[in-house]
Each structure stands twice: as structure tokens, then as C-alpha cells.
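Enquirer: Dropping a structure here in C-alpha cells format, bear with me for questions.
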Amino acid sequence: MAAQPHTSPRGKTSLDKTLQKSEEVAADVQRASDNLAVVSTVLEQELPEEVQVGEVAQAIEHTSQLEEKLAKSAEKLAEVNAALSEEIEKRREATAERNESQALAEKLKTRLRSESTD
């Protein structure tokens, strides 16, 4: 009987490693967005209105804009990670099907050889 081809266990392929790194980056971006949201809120609430002018007002606005950009980037990364995860699963399934087909083909070859020698 022919040996079954090996499929990579979860977490061992280059795509799995890429997904893991991307998930780590997404978590970092989300944390940065959350932290920036806190900073923005504190600045807006703790600084008196009369101080929130000129460069201080611009800094507060810029902080808010950066927080929104980071939040959107975190969402996009989550979408990319979901798509990448789905692709990894599809490839894993296709590899398993290919391996089953190869094993069946080997079995049939062996049977044909044994029948032709009989």
C-alpha cells in the first residue's frame, strides 16, 4: 500500500504564518486606535474650551482623524485576515482531496500491476 502524502498541520504553512503576522498587526493597530481614542477624548474633555484654539485645536482634531484612520485600517485588516483564513482552508481542503485522489490512483496502479502479473 502506498504511503499517503503529507498535509501541513495548521500553523505550519507560509500562509498560516502570514495570517498569524497579519493578525498580530491588526491587533496592534486596533490597540493603537483604542489608545488614541482615549487620548483624544481626554484632550477634548479635560482642556477648557478657551484653551482648545490654534495649534491645540489642530492637534485635537488631528488626533481624532488619526484615530478614525487607524480604526478603518483595523477593520480592513480584519477583512483581509478573514479572506486569507478562508483561502487557507480552501487550499487545505483541495490538498486533502488531491492526496485522496493520489492515494486512490496508487491503489489502482498497484491493483492493475498485480492483475497483469496474474
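Enquirer: So which of A27, A2 ends up being under 30 Å from N99 (Cα atoms) and at pLDDT below 95?
Expert: Details: A27 fails: under 30 Å from N99 (Cα atoms).
A2 is the lone residue from the list that is under 30 Å from N99 (Cα atoms) and at pLDDT below 95.
Enquirer: Shifting gears a bit: Return the pair list, or none, for Cβ contacts closer than 7 Å from residues in the range 60-73 that are closer than 17 Å to Q45 by Cα to residues that are in a helix (DSSP H, G or I) and among the hydrophobic types (A, V, I, L, M, F, W, C), at least 6 apart or on different chains.
Expert: From the range 60-73, the pairs are I60/L43; T63/L36; T63/V39; T63/L43; E67/L36; E67/A37.
Enquirer: Still on this structure, I have one more. Would a scan of the range 104-113 turn up a residue that is part of a helix (DSSP H, G or I), open to solvent by less than 70 Å² (accessible area, probe 1.4 Å), of a type in the set (A, V, I, L, M) and within 27 Å of E23 (Cβ to Cβ)?
Expert: Looking for residues that are part of a helix (DSSP H, G or I), open to solvent by less than 70 Å² (accessible area, probe 1.4 Å), of a type in the set (A, V, I, L, M) and within 27 Å of E23 (Cβ to Cβ), one finds none in the range 104-113, hence no.
Enquirer: So, one more: Please work out if L15 is open to solvent by less than 70 Å² (accessible area, probe 1.4 Å) and either modelled with pLDDT under 85 or under 30 Å from A103 (Cα atoms) (or both). Reasoning before the result, please.
Expert: Values: open to solvent by less than 70 Å² (accessible area, probe 1.4 Å): yes; either modelled with pLDDT under 85 or under 30 Å from A103 (Cα atoms) (or both): yes.
Spelling it out, L15 is indeed open to solvent by less than 70 Å² (accessible area, probe 1.4 Å) and either modelled with pLDDT under 85 or under 30 Å from A103 (Cα atoms) (or both).
Enquirer: A94 is checked against (1) modelled with pLDDT of 95 or more; (2) surrounded by 15 or more Cβ atoms within 10 Å (Cβ to Cβ) and fails just one. What number does that condition carry?
Expert: Going through the list (1) modelled with pLDDT of 95 or more; (2) surrounded by 15 or more Cβ atoms within 10 Å (Cβ to Cβ), A94 breaks only (2).
Enquirer: May I ask you to verify whether A83 is of a type outside the set (S, T, N, Q), touching a residue at least 40 places away in the same chain (Cβ under 8 Å) and closer than 18 Å to V29 by Cβ?
Expert: Values: of a type outside the set (S, T, N, Q): yes; touching a residue at least 40 places away in the same chain (Cβ under 8 Å): no; closer than 18 Å to V29 by Cβ: yes.
It is false that A83 is of a type outside the set (S, T, N, Q), touching a residue at least 40 places away in the same chain (Cβ under 8 Å) and closer than 18 Å to V29 by Cβ.
Enquirer: For the range 27-72, how many residues are in a loop (DSSP other than H, G, I, E, B), surrounded by 14 or more Cβ atoms within 10 Å (Cβ to Cβ) and among the β-branched types (V, I, T)?
Expert: 0
The values are calculated or read from the model by the stated rules, or taken from the named source; none is laboratory data. This structure is a prediction, so every number in the text was calculated from the model and none was measured. With ideal geometry, Cβ positions are generated from the backbone for all residues, glycine too; neighbour counts draw on all protein chains shown. Ligands, DNA and RNA are excluded from the accessible area calculation, which covers all protein heavy atoms including side chains. Shrake-Rupley method; radii C 1.70, N 1.55, O 1.52, S 1.80 Å.
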